[in-house]
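Trainee: Quick one: structure below, then a few questions.
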Amino acid sequence: MPSLTPLPDLHTTAQNDVVTVVDRSKPRIAPHAPTVSLFTATCIVVANMIGTGVFTSLGFQVEKLPSGFAIVLLWMIGGVASLCGALSYAELAAALPRSGGEYHFLSRIFHPSVGFVAGWTSATVGFAAPVALAAMAFGNYFKGLAPVPPLISSLAVVWIISLVHLHDLHLGSAFQNAWTLLKIGLIVAFVIAGFALGHSQPISFLPAGGVGSQIISAPFAISLVFVMYSYSGWNASTYIAGEIRDPQRNIPRSLFFGTLLVTALYVALNAAFLYTTPIAKLSGQLEVGLIAGKSIFGEIGARIMAALICLGLVSAISSMTWIGPRVTMTMGEDFHGLRFFAQRTRTGIPAVAIATQLAITTLLLATATFETVLIYIQLSLTLCSLLTVIGVIVLRFTKPQLPRPYRTWGYPVTPLIFAVVSLFMVFYMFQAHPRESLLGIGAMLLGLVVYFVAAGHHAKASPL
């Protein structure tokens, strides 16, 4: 059971022109000392970013963009846009160091209702659905290594990882670090082996005639949407800000180093795929990683790549199992009606929140409805991150005196670059999936209704 500190009755304060209502008649969960290092925070960012996207999307890109230069540029643009988002989040995380990610930031910048909608999305399916998708992919790849039904291995990996994170925070940190380092090492080894052992293909990574028209084409723009999905997760460490040591310094560093490292890995990995494998074999194919592995190492190459992808998925599932419940926990700390989710063990683990996410993930896996859920929430997640980055600009005007241990490099160009890319993605999603996008907006409005119900039992609203 967590340590509870009783406080006196209802009290109203005003600070920095922000009126704060604190319900002091309710117990408040005492904070635990931060234990997560910069290294672990960076591993969480890397692990949360590298999933199946980089191993599956290239086949659809080369189908309409048969240019090595255009493909590499595509992944570099995605990395730059993600880095712009990470640098923007870094300023907010350093100025407002508390777990919760968009829920915490948007609550403080705009209004608690805006933050609650973002937190509602994350707490319900925002993390559970990607975990389910990654677990299903794990099951499909693992069956090529062992004769285990995909559903069994999918459920097993989710439950085992959740139990690790429920057991002990230090064990969870060690588990996360070890699997992330193993994943990075294997990707680097694959890239080196590809260029050293692979057979060079007739493809150029230098700009050539007609490449300009390809870059401004619709296929390039559409491919960028899926590249950005592959980069999602660059904001991972902001969700556990309250557990990171010296968050004002270490969160910005973890976001910067993690995103920069993944960008380098993504560009190198896709270059290795193109260098070693004929475009005709990759074009239109989903499992490009397996195809490239077979081209480099022969028949055993597909099994090697399947093992690599499985290892990568373990660390990705682990990072989302770690950070997702922290959003639910933070919401439980702020709203008495949700206080059940704020319960922590003596070592600071949000056991109820982790168990809740595990239950939702299990349900999605058992019913195989998570792919539909992902389509519904894509627009919501993009809007939340877009609004958060715009919040950097808003906060500069509304709270110019707020202490900012880190200021976004390249401001205001940096957040504007991310905003432009995000707006394009929102436009494309509405155009390509209007029904699902409207359902996503409907889910956010439902979260708004829940907020006004929960606001009647609001526990506290901390000032900036």
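Trainee: Any idea what diffusion coefficient the chain gets from Stokes-Einstein, in µm²/s, Kirkwood Rh on alpha carbon pairs, 4 °C, 1.567 mPa s?
Mentor: This corresponds to a translational diffusion coefficient of 57 µm²/s.
Trainee: Kindly provide the helix-only [θ] at 222 nm of the chain, computed as the sum of -39,500 (n - 2.57) over DSSP H runs of four or more divided by all residues, to the nearest 500 deg cm²/dmol?
Mentor: -22500 deg cm²/dmol, from helical runs alone.
Trainee: On to the next question. How much length, in nm to one decimal, is gained on full extension between residue 168 and residue 246, taken as 0.36 nm per residue of separation minus their Cα-Cα distance?
Mentor: In short, 26.0 nm is gained.
Trainee: Taking the simple approach of a point 7 Å from Cα along Cα-to-Cβ for both residue 178 and residue 453, what is their distance in nm?
Mentor: Computed distance between label sites residue 178 and residue 453 equals 4.3 nm.
Trainee: Obtain the nm distance between the two label points defined at residue 438 and residue 397 by a simple spin-label model: each point lies 7 Å from its Cα along the Cα-to-C-beta direction.
Mentor: Taking the two extended label points, one gets 3.3 nm.
Trainee: Which FRET efficiency, nearest 0.05, do residue 218 and residue 146 yield, Cβ-Cβ r, R0 45 Å?
Mentor: Details: r = 42 Å, r/R0 = 0.94.
Efficiency computed from Cβ-Cβ geometry: 0.60.
Trainee: If you rank 102, 436 by fewest surrounding Cβ atoms within 10 Å, what's the result?
Mentor: Exposure proxy ranking, most exposed first: 436, 102.
Trainee: Need one number: nm distance between label points at residue 188 and residue 299, each 7 Å from Cα along Cα→Cβ, rounded to one decimal.
Mentor: Computed distance between label sites residue 188 and residue 299 equals 3.3 nm.
Trainee: Subtract the Cα-Cα distance of residue 35 and residue 160 from 0.36 nm times their separation in residues, and report this length gain in nm to one decimal.
Mentor: Here the answer is 42.7 nm.
Trainee: Then there is this: Per-residue counts of other Cβ atoms within 10 Å, averaged by peptide: what ranking do you get for 243-250, 50-57, 442-449, highest first?
Mentor: Highest mean packing first, the order is 50-57, 243-250, 442-449.
FYI, it's all coordinate maths here, none of it is from the lab. Bear in mind the structure is a predicted one, so any value in this text is a computation, not a measurement. So basically every Cβ, Gly included, is an ideal-geometry build from the backbone, and we count neighbours across all protein chains shown.
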